[in-house]
Amino acid sequence: MVRLSNSLVGILNLLTFVLSVPILGSGIWLLKRASTDCEKFLERPVIALGVFLMLVSLAGLIGACCRVSWLLWLYLLVTFLLIILLFCFTIFAFVVTNKGAGEALSGRGYKEYRLGDYSHWLQKRVNSTKNWSKIKSCLSDSMVCSIFQDKYFRDTSEKFYIEHLSSLQSGCCKPSNDCNFTYVNPTVWNKTADSVYSNPDCNAWDNDPKVLCYNCQSCKAGLLQGIKSDWKKVAVVNIIFLLFLIVVYSVGCCAFRNSREDNYYRKRGALLN
């Protein structure tokens, strides 16, 4: 008679295996149609995740249902390592996203973002020339500023200043409030002749749609604000998944013990016969 713990491990891993199929399929689909740096960046981790889940779930499924002790042992080892890694990543995510927030401006509906307000680890990632070149390519491919321009194109300066912009729109698609440029439309601003700016982002601004404020510190800060928000959400999901993995690991330990006991009694019975 199949014991409850073995059945539970089998069911849970069957569900995980079914989940891995569309994940792997989406990664292969991305691989075939990838034409931008953003898509090329996404495809590899998606495929790796799909293959990993498929192999681990197969090991757990076969080990639990066929009472293969070494497969169950391997499954438990990988699950234990995954619990440790997930726990460390969750703590790390909370630590590196603890600093940084938008600055509210008087008479403005949007906030502005300063790179120095965020953790040094995150700053180091975006200050890397190689990393930022790829990120700029992704921002351009996503057309975040083109959409921004189309959405607010008809705004007067008074109306534009009270709009609630995303961190990327505020940091990458318009100049800093410190610059005091003259508003023409959301992505076209006139500079004052012979002005000296204390904020280097003012000199980095260009009305060229391919440039705008993509080279500004505020753009990097706006990106980090979005990452911070996303990582906070991911960390909460990780906590839930971590609890789920601990339950699965506990049930798996029971299944492993049952498998070893069954193998012991089977061998003993064979010797007595």
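So which residues in segment 185-196 are open to solvent by 30 Å² or more (accessible area, probe 1.4 Å), part of a loop (DSSP other than H, G, I, E, B) and closer than 17 Å to Cys216 by Cβ?
Within segment 185-196, Lys191, Ser195 meet the criteria.
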(message) surrounded by 16 or more Cβ atoms within 10 Å (Cβ to Cβ) and among the acidic types (Asp, Glu): is that true of Glu112 in this structure?
(response) yes
(request) State the number of residues belonging to segment 211-222 that are surrounded by 15 or more Cβ atoms within 10 Å (Cβ to Cβ), aliphatic (A, V, I, L, M) and farther than 12 Å from Glu112 by Cα. (result) 1
(message) So the check is Cβ under 9 Å with 6+ separation or different chains; which pairs have a first residue in segment 183-212 that's more than 25 Å from Lys159 (Cβ to Cβ) and small (Gly, Ala, Ser) and a second one that's part of a helix (DSSP H, G or I) and open to solvent by 60 Å² or more (accessible area, probe 1.4 Å)?
(response) Ser198/Asp178; Ala204/Gln217
(request) Name every residue in segment 198-210 that is closer than 20 Å to Ser146 by Cα and open to solvent by 40 Å² or more (accessible area, probe 1.4 Å), in order of residue number. (result) Asp206, Asn207, Asp208, Pro209, Lys210
(request) Pick out the one residue from Val144, Val126, Val95 that is of a type outside the set (S, T, N, Q), out of contact with any His (no Cβ under 6 Å at 6 or more places or on another chain) and more than 24 Å from Asn238 (Cβ to Cβ). (result) Val144
(request) Output the residue which, of all residues in segment 1-53 that are of a type in the set (Gly, Ala, Ser), open to solvent by 40 Å² or more (accessible area, probe 1.4 Å) and farther than 21 Å from Leu86 by Cα, is modelled with the highest pLDDT. (result) Ser7
(request) May I ask you to say which residue of Leu76, Leu81, Leu58, Leu105 is closer than 30 Å to Ser7 by Cα and either open to solvent by less than 60 Å² (accessible area, probe 1.4 Å) or of a type in the set (Ser, Thr, Tyr) (or both)? (result) Leu76
(request) Among the helices (runs of 4 or more DSSP H) lying completely within segment 122-184, list those that include at least 2 residues that are of a type in the set (Phe, Trp, Tyr) and open to solvent by less than 40 Å² (accessible area, probe 1.4 Å). (result) 144-152
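Rundown of residues vs (1) farther than 20 Å from Phe244 by Cα; (2) polar (S, T, N, Q); (3) in contact with a Pro (Cβ under 8 Å, 6 or more places away or on another chain); (4) free of Cβ contacts under 8 Å to residues at least 40 places away in the same chain, yes/no style:
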| residue | (1), (2), (3), (4) |
| --- | --- |
| Ser57 | no, yes, no, no |
| Leu74 | no, no, no, yes |
| Phe80 | no, no, no, no |
| Gly109 | yes, no, no, no |
| Ser128 | yes, yes, no, yes |
| Ser146 | yes, yes, yes, no |
| Ser157 | yes, yes, no, yes |
(request) Residues being farther than 30 Å from Ile91 by Cβ, open to solvent by less than 90 Å² (accessible area, probe 1.4 Å) and either of a type in the set (Ser, Thr, Tyr) or at pLDDT 80 or above (or both): count how many of those fall in segment 238-273. (result) 1
(request) Please list, ordered by first then second residue, the pairs with beta carbon atoms under 8 Å, 6 or more apart or interchain, first in segment 89-104 and modelled with pLDDT of 85 or more, second open to solvent by 80 Å² or more (accessible area, probe 1.4 Å) and not basic (Lys, Arg). (result) none
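The values are calculated or read from the model by the stated rules, or taken from the named source; none is laboratory data. Keep in mind the model is a prediction, meaning the values are calculated, not measured. Heads up, the Cβs are rebuilt from the backbone with ideal geometry, glycines too, and the neighbour counts pull from every protein chain shown. The area values use the complete protein model at the heavy-atom level, side chains included, leaving out ligands, DNA and RNA. Shrake-Rupley method; radii C 1.70, N 1.55, O 1.52, S 1.80 Å.
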